[in-house]
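Trainee: Dropping a structure here in structure tokens format, bear with me for questions.
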Amino acid sequence: MSEAENFARLMRELKERAGLSYGALARRLHTSTSTLHRYCNGEALPAEFAVVDRFARACGASQGEAVDLHRAWLLADARRRAGVVPEPEPEPGPGPGPGPALRSESESVPEAEPVVVGAPEPVARRDRYRRRAAVVAAVGVTAGAVAVALLAAAGPESRAPRAGGSTGTGTGATPPAASVPAAPGAPEPTPPAGSASAGSAGPSGSSDPGSGPADTPPPASPPASAPGRAPVAPLKAAVRSHVWTAGCDHAYLAERGPGSVAPPPVEADAPAWASAQRAVHAGSQIVEVTLHGTGPGAVVLEDLEVRVSARRKPPAWNVYQMSQGCGGGLTPAVFAVNLDAPRPLARPVAGNDGGSPLPAPVLPLRVSAVEPVVLRVEAATTGCDCDWFLDLRWTGPSGSGTLRIDDDGRPLRTSAATGRPVYGYALEQGRWAR
């Protein structure tokens, strides 16, 4: 029995013992019934442990059962990241014709979280008592035990983003320029070496349908520190640029008609789906950045600055909703960004979890190899097709500098979708409908 099958078996056993229907459980997990059904059948794997945690609590799992479910998810997620077990593709609907394939086998692996090798076994057990803060507090000092267990499971071969090239404020260096052209069609310069790669690559840059993610090579590895040069950032960053509200609610803009667009994926498959459909985030985009130190000392995260590198007229494309609504009482605390502002700022916003308030994130924050931090940024626009990125200022034992947070060397891209045709996927008909 594979790791994914074992995880699905444990989920089915807990569900059957609890006597809950898929619909009732889906409402408690803030996800769709079809997505939960795929989890329990082993056809898909949750992208985040938050879903697994809520599932265990909703089914009344004991502490030992929750630990077993957690361990099974870690093993299945590590195997998926290693590319041994490809994700199944959604079944094509009976529409005008099958949509483009969501991904090839080589593309089925979501990008890995940064790796911490040699995490002790008790970490997974300590996670039980601290994981709630790691999941619902979108930013802050996350429970170190949770992140170490998750990162250790990813394996040393996972593709961790580069976070070394930083601008040293103590050496008189200036922050790097924007990594994208100011308008479509202009030649694209080489991204700065300090860019933190996103955990998934979606379409970005020019709105020209002929350009795609493969047009821009990934940034070169940053050089090591040398006397008189900016210090290497003592941080590793994993960026998830396709984060959905409650794990199920999001919308994309795509130029293709509904008959040519593939069925909506689960959140874990969203990067490959968006790339295949040449889709961009519609109206809003949630970016989640997980940071941890790479050295023995602590690093202080001082400020998060928003840079809009290009503004264009929003394309007259269709809007495709990933879900018809999934409810939910979980509202993570975030940094909210209004991309329409002349000088967008990352504004801390409090959240709540079933009526329990979650404090707004506050910088500065301390991060180290055993104390990771998760920053969650929610950007929105109603008036532009925006290219943007984040600059994270840090101070550590080696000096100070700025870490670029973008989408795998390309800018993040969010477009307004006001007044555009909106389509939802009708499962019973197997097609997109207005």
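Trainee: Is it true that residue 318 is closer than 30 Å to residue 260 by Cα, in contact (Cβ under 8 Å) with a residue 40 or more places away in the chain, of a type in the set (S, T, N, Q) and in contact with a strand residue (DSSP E or B) (Cβ under 8 Å, 6 or more places away or on another chain)?
Mentor: Taking the combined requirement at face value, the residue satisfies it.
Trainee: Moving to a separate point now. Answer yes or no as to whether residue 393 is buried (at least 17 other Cβ atoms within 10 Å of the Cβ) and within 22 Å of residue 241 (Cβ to Cβ).
Mentor: Yes.
Trainee: Return yes when residue 39 is among the aromatic types (Phe, Trp, Tyr) and within 22 Å of the chain's Cα centre (by Cα) and no when it is not.
Mentor: So residue 39 fits the description; yes.
Trainee: Any residue in region 23-43 that is more than 16 Å from residue 58 (Cα to Cα) and among the small types (Gly, Ala, Ser) sitting within a Cβ distance under 7 Å of a residue that is modelled with pLDDT of 85 or more and not in a loop (DSSP other than H, G, I, E, B)? List the pairs, counting only those 6 or more apart or interchain.
Mentor: 42/4; 42/5; 42/8
Trainee: Quick one: which residue in 27, 17 is at pLDDT below 80 and either in the same structural domain as residue 246 (by TED's automatic domain parsing) or assigned to a helix (DSSP H, G or I) (or both)? Don't jump to the end; show me each part of the working.
Mentor: Numbers: 17 fails: at pLDDT below 80.
Exactly one residue qualifies, and that residue is 27.
Trainee: When region 366-396 is examined, which residues are found to be farther than 18 Å from residue 407 by Cα and among the aliphatic types (A, V, I, L, M)?
Mentor: Listed by number, the residues that qualify are 367, 369, 370, 373.
Trainee: Same structure, new question: If you go through region 228-248 one residue at a time, do you hit one that is surrounded by 24 or more Cβ atoms within 10 Å (Cβ to Cβ), more than 30 Å from residue 393 (Cα to Cα) and modelled with pLDDT of 95 or more?
Mentor: No, region 228-248 contains no residue that is surrounded by 24 or more Cβ atoms within 10 Å (Cβ to Cβ), more than 30 Å from residue 393 (Cα to Cα) and modelled with pLDDT of 95 or more.
Trainee: Being at pLDDT 90 or above and surrounded by fewer than 17 Cβ atoms within 10 Å (Cβ to Cβ), is that true of even one residue in region 275-296?
Mentor: There is no residue in region 275-296 that is at pLDDT 90 or above and surrounded by fewer than 17 Cβ atoms within 10 Å (Cβ to Cβ).
Trainee: Name the single residue, out of those in region 356-384 being within 18 Å of the chain's Cα centre (by Cα) and β-branched (Val, Ile, Thr), that is farthest from residue 288 (Cα to Cα).
Mentor: Ranking the candidates gives 373 first.
Trainee: Right, here's the next one. Tell me whether region 319-332 contains one or more residues that are at pLDDT 95 or above, hydrophobic (A, V, I, L, M, F, W, C) and under 14 Å from residue 308 (Cα atoms).
Mentor: Checked against the condition, which is being at pLDDT 95 or above, hydrophobic (A, V, I, L, M, F, W, C) and under 14 Å from residue 308 (Cα atoms), region 319-332 yields no hits at all.
Trainee: Could you tell me how many of the residues in region 385-434 are in contact with a Gly (Cβ under 7 Å, 6 or more places away or on another chain) and either β-branched (Val, Ile, Thr) or not in a strand (DSSP E or B) (or both)?
Mentor: The total comes to 6.
Trainee: Determine if region 355-368 includes at least one residue that is surrounded by 14 or more Cβ atoms within 10 Å (Cβ to Cβ), assigned to a loop (DSSP other than H, G, I, E, B) and not small (Gly, Ala, Ser). Full working, then the answer.
Mentor: Going through region 355-368, the residues surrounded by 14 or more Cβ atoms within 10 Å (Cβ to Cβ) turn out to be 358, 360-361, 363, 365, 367-368.
Add one more test, that the residue is assigned to a loop (DSSP other than H, G, I, E, B), and what stays is 360-361, 363, 368.
After this cut, where a residue has to be not small (Gly, Ala, Ser) as well, the list is 361, 363.
Looking through region 355-368, at least one residue is surrounded by 14 or more Cβ atoms within 10 Å (Cβ to Cβ), assigned to a loop (DSSP other than H, G, I, E, B) and not small (Gly, Ala, Ser).
Trainee: Follow-up question, since we're still on this one. It is to be established whether one or more residues within region 32-51 are more than 22 Å from residue 426 (Cα to Cα), of a type in the set (Lys, Arg) and not assigned by TED's automatic domain parsing to the domain that holds residue 241.
Mentor: No, region 32-51 has no match at all.
Trainee: Looking only at region 31-64, count every residue that is farther than 15 Å from residue 8 by Cβ and of a type in the set (Val, Ile, Thr) and tell me the total.
Mentor: Selection size over region 31-64: 2.
Trainee: So, one more: Take the residues in region 34-70 that are aliphatic (A, V, I, L, M) and within 20 Å of residue 374 (Cα to Cα); name whichever of them is surrounded by the most Cβ atoms within 10 Å (Cβ to Cβ).
Mentor: 52
Trainee: So residue 384 ticks every box in (1) surrounded by fewer than 22 Cβ atoms within 10 Å (Cβ to Cβ); (2) more than 22 Å from residue 241 (Cα to Cα) but one. Which box is left unticked?
Mentor: (2)
The values are calculated or read from the model by the stated rules, or taken from the named source; none is laboratory data. Just so we're clear, the structure is a prediction, and the values are computed from it rather than from any experiment. When we count neighbours, we look across all protein chains shown, and the Cβ atoms used for this are built from the backbone with ideal geometry, even at glycine.
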